[in-house]
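Worksheet: the structure to be examined is printed underneath.
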Amino acid sequence: MRKPIMAGNWKMNKTVEEAILLVSELGMLADEVTDTEVVVCPPFIALDAVIEAGAGSKISFGAQNMYWEEEGAFTGEVSPAMLQDMGCSYVIIGHSERREYFGETDESVSKKLRAALRFDLIPIVCVGEKLEDREKGTTEEVIRKQVETGLSGLDKEQAAGLVVAYEPVWAIGTGKTASDEDAQKVIQFIRQVLTGMYGKDAADRVRILYGGSVKPENISGLMQQPDIDGALVGGASLDAKVFASIVNFQK
Ligand code: PEP
């Protein structure tokens with residue numbers, strides 16, 4: 001059984017004070033949840049305060065990015081060792097905004113992923129096609145390359161512990177969600193690619209999330225799909241009540 005995950009990506013939002021308020025409110029609302037893992041990924045500068053304010057709640061914590069080196073002359077970067085030391089359990093890797101605005105590639109995703117695993121961080125690896133890929137009918141080709149290059153070089157146990165987020169780029173922050181069936185179809189395809197790389201046992205254990213304009217109104221349909229194990233939520237994770245109603249989805 002794969003335990004569902006609802007992960008909130010706060011992106012570049014919230015001051016430290018606002019972040020503390022948000023996690024405190026969410027901590028109370030998520031306290032009853034037993035069968036879903038709740039993760040929040042605040043901006044780096046709020047991580048420490050959020051982890052402290054959320055301690056004792058059911059929430060786990062993640063970063064939105066990291067560099068692959070442990071320490072050194074890499075101005076402006078944050079290392080996996082620092083995230084581990086701070087109390088992070090998760091790290092988002094290869095979000096489409098990082099690929100689009102900060103030049104991340106499948107190769108950098110692969111380096112970051114292996115570095116995260118060395119520091120016991122659970123990577124939430126993002127993959128997803130652009131609108132032009134979908135229109136050209138190359139969604140599967142694009143996703144296969146992202147998965148085969150970005151997630152290469154792991155052993156089966158490491159692969160099984162990954163979280164993958166399928167986020168069609170055209171659905172992020174646009175209000176357009178992939179239909180339940182389309183999301184299921186691509187996520188099933190990702191599992192098939194993972195089966196080819198790491199075998200069925202490992203691939204069946206990987207948790208694969210959907211991301212892209214998830215809201216309380218569309219989460220139930222998505223969660224009814226057999227291969228969808230949760231959601232990576234952007235905009236709707238910035239309000240504790242709204243995110244809590246996604247976390248408390250009814251199948
Ligand atoms: C995201 O940033 O990962 C995301 C899915 O954003 P939104 O929910 O706002 O579309």
Q. Of a type in the set (Gly, Ala, Ser), assigned to a helix (DSSP H, G or I) and surrounded by fewer than 20 Cβ atoms within 10 Å (Cβ to Cβ): does that describe Ser24?
A. yes
(Q) Just the residues that are in a helix (DSSP H, G or I) and surrounded by fewer than 16 Cβ atoms within 10 Å (Cβ to Cβ), please, taken from the range 149-181. (A) Thr149, Lys156, Glu157, Glu181
Q. From the list Phe189, Phe249, which one is farther than 23 Å from Arg114 by Cβ, out of contact with any Gly (no Cβ under 9 Å at 6 or more places or on another chain), away from the ligand (no atom under 15 Å from the Cβ) and among the hydrophobic types (A, V, I, L, M, F, W, C)?
A. Phe189
(Q) I need every pair where a residue in the range 210-224 that is under 19 Å from Val163 (Cβ atoms) and free of Cβ contacts under 8 Å to residues at least 40 places away in the same chain has its Cβ under 9 Å from the Cβ of a residue that is among the hydroxyl-bearing types (Ser, Thr, Tyr) and open to solvent by less than 10 Å² (accessible area, probe 1.4 Å), sequence separation at least 6 or different chains. (A) Val214/Ser237
(Q) So, in the range 153-179, how many residues would count as being more than 16 Å from the ligand (Cβ to nearest atom) and within 18 Å of the chain's Cα centre (by Cα)? (A) 5
Q: Can you tell me which residue within the range 205-216, out of those that are within 16 Å of the ligand (Cβ to nearest atom), of a type outside the set (Gly, Ala, Ser) and crowded, with 20+ Cβ neighbours inside 10 Å, is farthest from the chain's Cα centre (by Cα)?
A: Val214
Q. When Ala202 is evaluated against the numbered criteria (1) in contact (Cβ under 8 Å) with a residue 40 or more places away in the chain; (2) of a type outside the set (Phe, Trp, Tyr); (3) within 26 Å of Leu121 (Cβ to Cβ); (4) within 16 Å of the ligand (Cβ to nearest atom), which criterion, by number, is the only one it fails?
A. (4)
Q: Report whether or not Val193 is in a helix (DSSP H, G or I), open to solvent by less than 10 Å² (accessible area, probe 1.4 Å), aliphatic (A, V, I, L, M) and more than 14 Å from Ile5 (Cβ to Cβ).
A: yes
Q: Scan the range 223-242 for residues that are closer than 22 Å to Leu29 by Cα and surrounded by 17 or more Cβ atoms within 10 Å (Cβ to Cβ) and jot them down.
A: Met223, Asp229, Gly230, Ala231, Leu232, Val233, Gly234, Gly235, Ala236, Ser237, Leu238, Ala240
Q: Would you mind finding the one in Glu32, Glu17, Glu37 that is acidic (Asp, Glu) and either open to solvent by less than 60 Å² (accessible area, probe 1.4 Å) or in contact with a strand residue (DSSP E or B) (Cβ under 8 Å, 6 or more places away or on another chain) (or both)?
A: Glu37
Q: Consider only pairs whose beta carbons are under 7 Å apart and that are at least six residues apart or on different chains; among these, list those whose first residue lies in the range 38-53 and is farther than 14 Å from Glu25 by Cα and whose second residue is open to solvent by less than 10 Å² (accessible area, probe 1.4 Å) and modelled with pLDDT under 95.
A: none
Q: Looking only at the range 107-141, count how many residues are surrounded by fewer than 18 Cβ atoms within 10 Å (Cβ to Cβ), under 24 Å from Gly212 (Cα atoms) and of a type outside the set (Lys, Arg).
A: 8
Q) Scanning for something in contact with a Pro (Cβ under 9 Å, 6 or more places away or on another chain) and either assigned to a loop (DSSP other than H, G, I, E, B) or open to solvent by 70 Å² or more (accessible area, probe 1.4 Å) (or both), does the range 46-62 turn up at least one residue? A) no
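The values are calculated or read from the model by the stated rules, or taken from the named source; none is laboratory data. If you're wondering where the values come from, they're calculated on a predicted model, not measured in any experiment. Note that each Cβ is placed from the backbone with ideal geometry, even for glycine, and that neighbours are counted across all protein chains shown. These accessible areas exclude ligands, DNA and RNA; they are computed on the full protein's heavy atoms, side chains included. Shrake-Rupley method; radii C 1.70, N 1.55, O 1.52, S 1.80 Å.
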